[in-house]
Amino acid sequence: MTDKPIGKILFKVAIVSDTHVNEKEDFSASPYPANAEANPRARHVFSQVNQIAPALTIHLGDMVNPVPELPSYAAAADNFHTIAKDLESPIHLVPGNHDIGDKPVKWMPAGMVNADFIALYRKHFGKDYYAVTHGNCHFVIINSPLLNSGDPAEAEQAAWLEDTLARHQHDRVFVFSHYPPYISDPHEPGSYDNIEEPARSWFLDLLRRYKPEALFSAHVHNFWYDRIGETDYYITPSTCFVRHDYSEMYRIDGGDQKGRNDAAKLGFLTLDIREHGHVAHYHRSYGATLAPGDGPAQPVAPRPHVKTAALPHVFVDMRHGWAEELVVAPSGAVDEFRRKRARNDYPLMALWEMGLPGLRVPIQDLADPRIRRRMELLTRLGHRFQVYLYGMPDEGERKLLADHAPLLDRLELVLNWEEIGDLAPDIAALKSETGVTISLSRVNRKDGAKHTGSRFNHLISHGFTLGETDELERFFQSHPGLVDGAQFTIPRSLSPWDTARSLAAFRDQTGQSPVLYVKSTEASPAETFDDEIANARRFAETVMAGLGFGLDVVLDTMDDADRGYFTRTGLVDRRFNPRLAGELISAIALQTAGGGWNAAPGDVPVLEREGRRLWVADAAEASEGDWICPRSGLPGAPGDKPDTAVILRTAPA
């Protein structure tokens, strides 16, 4: 089953959250400088929203920073309306805890939602729960701080929500709640960040019963994605600051303002409503600001999404955990009495905005029920998984592969080649039992080089080389139908483009499907490869080789390897924020969406389609013709000066 959208875009919805507008410009009662930027950051985002021209804008709550009990609340509300009046689309507001009072949580000093706070909210912002309709879609907004409060308004809202969802259960419905029902696990303990029981189960049961298309929540100022029954579930970042207690998710220092000003994680969403299904695009604002009267804001960087503009032949080796749950320590700020567990979904966000559908993962991911569920969710969105293991699978692994074969695009078997003849019957049985596509890889050649000069290489190597194609061809001829292909590996010194051309010829000759694994490193584990520009070029050449020759390729580095062996930069840094390489891949994905691109004649990595050519160039070539900036994702004009060292060039063939 797939959840990929079908048909044209009917209209767009902008989704903004947690602006935390202050009562004064460039001032906040918060001790963090990022909070003082709230007003100009909101102004900048609203200006970018206008560029997208949505049919409507929905604000997921915490419009203001001062809570209702403070005398500064009214001034902040006025400032919010002043900033929001520049929006060219109608805006619909969701009450957040800063706007209407905290959910029932007695250990927090802020006031809890009550009748007076609800009346104050309605005076300044309007209805606290309601629904709006646009086209054939219904947008349902709830007052989530009210849940579990016991206030009479809670029962009134509950009856209204059940009735609304029941009446529209056969229509397209999107639900908006400031508080998320949960962060990573529907059974997680209650915390400052989620809806507690019993309201959580009641709310989740409603969603499972009536199957709205999506639920959008906020409050936690970070990104998560899950699925509740048939409902896509998104938790959205803030325009103003990051909840930096969740910086525990990254194995790196906290960063600017101890993680609160991790500006690459600030921004907003655009919801593309298609004829069938939707796409939620995330736009990074990088904390950019706009002063009163200034504008417009810098253009929104267009990015692909794996649902609609995926690079069809590209996989990434997910060496670090990509669905890892980490423990967030009690901070003494918003939680103090228990640890929280949180899954890091920023690798997923990065994959989406680079248009990268393929993940190479070890069989241990398939064996872990929690991660396997993530694989199931992502497969529905169009992701593909290459699962690898060393040696033949044991009895439990064989059953695992058979039970979950639909999750595998292919199985990469890494074997000792000297034993391949003896293993052939077992491989045939495995393929018959599981039905999976099998690609062979070899490990630790007996005749492989173990020395570099006077140094001993105590290292693992895997994958075939071009020098072994004749041997492989003989094996395929003597074992027809045994496997479906083989994986080849090249070091940094070899060209992905040239190798892919040779492997395309091998494919045409043998009928087998080769996979090209491209390393960013050479033989020495102590050597560092942190030339971000050179690495970006190599990643881009690999992607273009996959597209140009119709060959599956594997990039060896998702996020930086900044410690241990073979250190190098990746597509994203250790906070999973984009590097130049990731931005370049994103631009290629956007430009090649729709397919039909082939390798142009010649030895230089160039793609062509219908009289157009595409290639990576130095910034100096910007003066020679049409080009695209990887950072902005936008076309530049001849003579414009790029702000990146490499660009994407386009020209007539």
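The values are calculated or read from the model by the stated rules, or taken from the named source; none is laboratory data. What you are looking at is a predicted structure, and each value in this text was computed from that prediction instead of being measured. Here Cβ is always computed from backbone atoms with ideal geometry, including for glycine, and neighbour counts include all displayed protein chains. Surface accessibility is based on the protein's heavy atoms, side chains included, excluding ligands, DNA and RNA. Shrake-Rupley method; radii C 1.70, N 1.55, O 1.52, S 1.80 Å.
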**Request:** Output the antiparallel fraction of DSSP beta bridges having both residues in the chain, as a percent to the nearest 5.
**Result:** 45 percent
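Between K399 and E624, take the C-beta separation as r, use R0 = 51 Å, and let me know the FRET efficiency to the nearest 0.05.
That pair, K399 with E624, gives E of 0.30.
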**Request:** Step through the residues of the range 230-247 one at a time and calculate ³J(HN,Hα) from phi using the Karplus curve (6.51 cos²θ - 1.76 cosθ + 1.60, θ = phi - 60°), rounding each to whole Hz and writing x for Gly and Pro.
**Result:** 9, 9, 5, 10, 10, 10, 10, x, 9, 8, 10, 8, 9, 6, 7, 5, 7, 5
**Asked** Which whole-Hz couplings ³J(HN,Hα) result when phi for each residue of the range 547-555 is put into the Karplus expression 6.51 cos²θ - 1.76 cosθ + 1.60, θ = phi - 60°, listed in order with x for Gly and Pro?
**Response** 5, x, 10, x, 10, 6, 10, 10, 7
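Under a Cβ-only charge scheme (Lys and Arg +1, Asp and Glu -1), can you give me the dipole magnitude of the range 519-647 about the Cα centre, in debye to the nearest 20?
It works out to roughly 280 debye.
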**Message:** For a protection proxy built on the mean count of beta-carbon atoms within 10 angstrom, sort 74-81, 213-220 highest first, please.
**Reply:** 213-220, 74-81
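Determine the dipole magnitude for the range 408-562: charges of +1 sit on the beta-carbon of Lys and Arg, -1 on that of Asp and Glu, nothing else is charged, the reference point is the Cα centre, and the result goes in debye to the nearest 20.
In debye, rounded to 20, the range 408-562 gives about 340.
Using just the alpha carbons, could you tell me how many Å³ per residue the convex hull of the chain encloses?
Expressed per residue, the convex hull around the Cα atoms of the chain is 165 Å³.
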**Prompt:** If one takes the longest principal axis of the Cα atoms in the chain, at what angle in degrees, from 0 to 90 and to the nearest 10, does the Cα axis of helix 152-167 lie?
**Reply:** 50 degrees
**Asked** Which of the peptides 333-339, 300-306 is most tightly packed, and how do the rest follow, judged by the mean count of other Cβ atoms within 10 Å per residue?
**Response** 300-306, 333-339
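I'd like the carbon and sulfur percentage of the solvent accessible area for the chain, probe radius 1.4 Å, heavy atoms only, ligands and nucleic acids excluded.
Answer for the chain is 51 percent, counting heavy atoms of protein chains only.
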**Message:** Straight-line reach from K85: which aspartates and glutamates fall under 18 Å, measuring Cα to Cα and dropping same-chain residues less than 8 apart?
**Reply:** D18, E23, E25, D62, D294
**Message:** Nearest 500 deg cm²/dmol is fine: what mean residue ellipticity at 222 nm does the chain get from its DSSP H runs of n ≥ 4 alone, each adding -39,500 (n - 2.57), divided by its residue count?
**Reply:** -8500 deg cm²/dmol
**Item:** Equivalent ellipsoid semi-axes - Cα gyration tensor, the range 245-319, angstrom
**Value:** 26, 23, 11
**Message:** Assuming 0.36 nm per residue, please report the length gained on full extension of the stretch E522 to K24 beyond their Cα-Cα distance.
**Reply:** 173.7 nm
**Prompt:** Is the shape of the range 344-451 rounded, prolate or oblate, going by the alpha carbon gyration tensor and its root eigenvalues a ≥ b ≥ c, with a/c under 1.5 for rounded and a/b larger than b/c for prolate?
**Reply:** oblate
**Item:** Difference of contour (0.36 nm per residue) and Cα-Cα distance, R319 to K85
**Value:** 79.6 nm
**Request:** Go through K258/K519; K307/K431; K4/K340; K12/K307; K24/K258 and tell me which ones have a Cα-Cα distance over 22 Å in this structure.
**Result:** K258/K519; K307/K431; K4/K340; K24/K258
**Complete:** Summing +1 per Lys or Arg and -1 per Asp or Glu among the other residues with Cβ less than 13 Å from G636's Cβ gives -2
**Asked** With every protein chain left in place, what is the accessible area per residue of the chain in square angstrom, probe 1.4 Å?
**Response** 39 Å²
**Request:** Tell me which residues come under 5 Å, amide H to amide H, from V21 once H is placed; ignore anything under 5 positions away on its chain.
**Result:** V64, N65
**Complete:** Residue-ordered couplings for the range 306-323, obtained by feeding phi - 60° into the Karplus form 6.51 cos²θ - 1.76 cosθ + 1.60 and rounding to whole Hz (Gly and Pro as x), are 4, 5, 10, 9, 7, 7, x, 10, 10, 10, 10, 6, 8, 5, 7, x, 10, 9
**Request:** Specify whether the C-alpha gyration tensor of the range 25-151 places it in the rounded, prolate or oblate class, a ≥ b ≥ c being the square roots of the eigenvalues: rounded for a/c under 1.5, otherwise prolate if a/b is larger than b/c and oblate if not.
**Result:** oblate
**Under-5 Å amide H pairs with W627, H placed in peptide plane, nonlocal only** = G636, T650
**Message:** Considering just Cα atoms, how many Å³ per residue does the convex hull of the range 289-364 enclose?
**Reply:** 160 Å³
**the range 127-242: C-alpha gyration tensor shape, a/c 1.5 cut-off, then a/b vs b/c** = rounded
**Prompt:** Helix 469-478 sits at what angle to the longest principal axis of the chain, using alpha carbons and giving 0 to 90 degrees rounded to 10?
**Reply:** 80 degrees
**Complete:** Looking only at aspartates and glutamates whose Cα falls under 19 Å of K641's and that sit 8 or more positions away or on another chain, we get E583, D618, E621, E624, D626
**Request:** Please give the peptides 203-210, 601-608, 482-489, 175-182 ranked by average Cβ packing (other Cβ atoms within 10 Å per residue), highest first, as a rough proxy for protection.
**Result:** 175-182, 482-489, 203-210, 601-608
**Request:** Report the charge-dipole magnitude of the range 224-304 in Debye, nearest 20, computed about the Cα centre from +1 at each Lys and Arg Cβ and -1 at each Asp and Glu Cβ.
**Result:** 160 debye
**Item:** Distance between the range 263-329 and the range 145-201 - C-alpha centres, whole angstrom
**Value:** 26 Å
